[in-house]
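Inspection log for the structure reproduced underneath, given as structure tokens.
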Amino acid sequence: MLQKCEVRSFCASDAESLARHANDRRIWIHLRDRFPHPYTHADAKEYIEDTLSDDPQTSFAIVVDGSAAGSIGLRLQGDVERVGAEVGYWLGASYWGRGICTEALRAVTDYALREHDLARLFALPFASNLASHRVLEKAGYVLEGRLRRSAIKDGRIIDQLLYAFVPDSLVGG
């Protein structure tokens, strides 16, 4: 049972809160470029509509104190990598440092393994995003490697780290 947050499907009424928390360069700098900055109410509305039309649904609201304060989701892989999914998340800065993302990530990891019959989940945080590394490690993800000069963000070529969660029953299998 989640104590610090709720992970649930988005609803249209989440747009205002989502836009307020997402419109922050401190968040944008750690995410892929498809995450807009500035982040507007229209961006939030479009994102929520897109997530609700996905089948299966793979993006969820991180709700704190009854308000959508962030997002967490899966990008299911295809072809020979269809046994895995990439996880990604962000949380409004006013909620950082409380263990909320770790709790949400554990919940979504359990959900993904159970509902999508996956053998592996992975994340690719930027090497400079130390807080995200801690979230992943506290949620049971293991650092597998460094992808040198593998991304460009804000005009700089940077490294990413590869973290993965492989259920104990599958290790070595």
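Only the coordinates and a few stated rules stand behind these numbers; no lab work does. On a predicted model such as this, the values are computed, not experimentally measured, just so you know. Methodologically, a virtual Cβ is constructed for each residue, glycine included, from the backbone with ideal geometry; neighbour enumeration extends over all protein chains shown.
Take every Cα pair under 8 Å whose residues are at least 6 apart in sequence, average their separation, divide by the length of the chain, and the relative contact order is 19 percent. Compared with the alpha-carbon gap, the fully stretched path from Glu86 to Arg114 is longer by 8.5 nm at 0.36 nm per residue.
Look at Val63, Val142 and count the other Cβ atoms within 10 Å of each Cβ; fewest to most, that gives Val142, Val63. Around the amide H of Gly99, modelled in the peptide plane, lies no amide H under 5 Å away from a residue 5 or more places distant or on another chain. Computing log10 I(q)/I(0) by the Debye sum over Cα atoms at q = 0.10, 0.20 Å⁻¹ for the structure here picks out one of [x] -0.45, -1.41; [y] -0.37, -1.54; [z] -0.52, -1.31, namely [y]. In a simple Cβ point-charge model (Lys, Arg +1; Asp, Glu -1; nothing else charged), the chain has a dipole of about 760 debye relative to its Cα centre. Going toward the positive end of the dipole of segment 73-173, with +1 on Lys and Arg Cβ and -1 on Asp and Glu Cβ, which of Gln77, Ala127, Val166 do you reach last? Among Gln77, Ala127, Val166, the one farthest towards the positive end of the dipole of segment 73-173 is Ala127. Take the alpha-carbon centre of segment 112-173, take the same for segment 1-31, and report the distance between them in whole Å. Result: 21 Å between the Cα centres. Computed 3J(HN,Hα) for segment 15-24, one whole-Hz value per residue from the Karplus formula 6.51 cos²θ - 1.76 cosθ + 1.60 where θ = phi - 60°, is 4, 4, 5, 4, 4, 4, 6, 6, 7, 8, glycine and proline marked x. Tally the DSSP beta bridges in segment 6-170 and give the antiparallel ones as a percent, rounded to 5. Approximately 90 percent, going by the DSSP bridge assignments. Per-residue ellipticity at 222 nm computed for the chain from its helices equals -8500 deg cm²/dmol, with DSSP H segments shorter than 4 residues left out and the rest contributing -39,500 (n - 2.57).
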